[in-house]
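Read through the structure below, which is laid out as structure tokens, and then see the notes.
All of the numbers you see were taken from the coordinates with simple rules; none came from a lab. Everything numeric in this text was worked out from a predicted model, so none of it was measured. Glycine also receives a Cβ, built like all others from the backbone with ideal geometry; neighbour counts cover every protein chain displayed.
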Amino acid sequence: MPHSLKSVLFKTRAPRVALLLADGYSTKDLNVILDLLIENGAKPVIVSSNFGMIKSEDGDLLRADRNMSLVRPRDFDAIFIPSGEGAATRLIQDSLVIDFIAHAFMHHRVIGASGAGARVVCESHIGRMPVFDDMHKHKTICSNGLVIAAKGTAIDIGMDFIYTIADRMQTYQAEYTA
């Protein structure tokens, strides 16, 4: 991604981005990525295996837009897993989530994760890729449709994630800072 990228405007259609959540997600990380997605014209969709409310690590409650059992990876252009230790542990234990991530990657969807959310991606079938060895050294991956910051937050990789979606769709106009 160019270092001076300020925003991305999607020209033909807004990408749909699945935000995978479980109890224990980071409200701060979720709010950062939601704001960035909306500001840049994407359509975020909260997806969870929970029926009813999802509780953040701070105790905030949120209702999912879609249930994990009713969505397919091809319904989305990208997925993002925000940080949150409790959420990561629950998502790793959910076979629907692990299969969803693996199928999304096979269908060339952009996959993003921050903090503990990176563990969820590592536990999916794509976690056996050599690129994950680099993540433990450098803490960040930004290649092959993956935008992951194991030791960072959505603030650290948010625009990289947006740019990677735009690059995959190849229908965008970028705005750069001077």
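In table form, for the structure just shown:
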item: Estimated inter-spin distance, N144 and S95, nm [label 7 Å along Cα→Cβ]; result: 2.6 nm
item: Relative exposure of Y25, Y163, judged by other C-beta atoms within 10 Å (fewest first); result: Y163, Y25
item: Formal net charge of residues neighbouring E57 (Cβ-Cβ distance under 14 Å; K, R +1; D, E -1); result: -2
item: Reach of K28 by Cα under 15 Å, taken over aspartates and glutamates that are not fewer than 8 positions away in the same chain; result: E57, D58, D60, E85, D156
item: Spin-label pair Q170/D75, simplified geometry with 7 Å Cα→Cβ offset, distance in nm; result: 2.8 nm
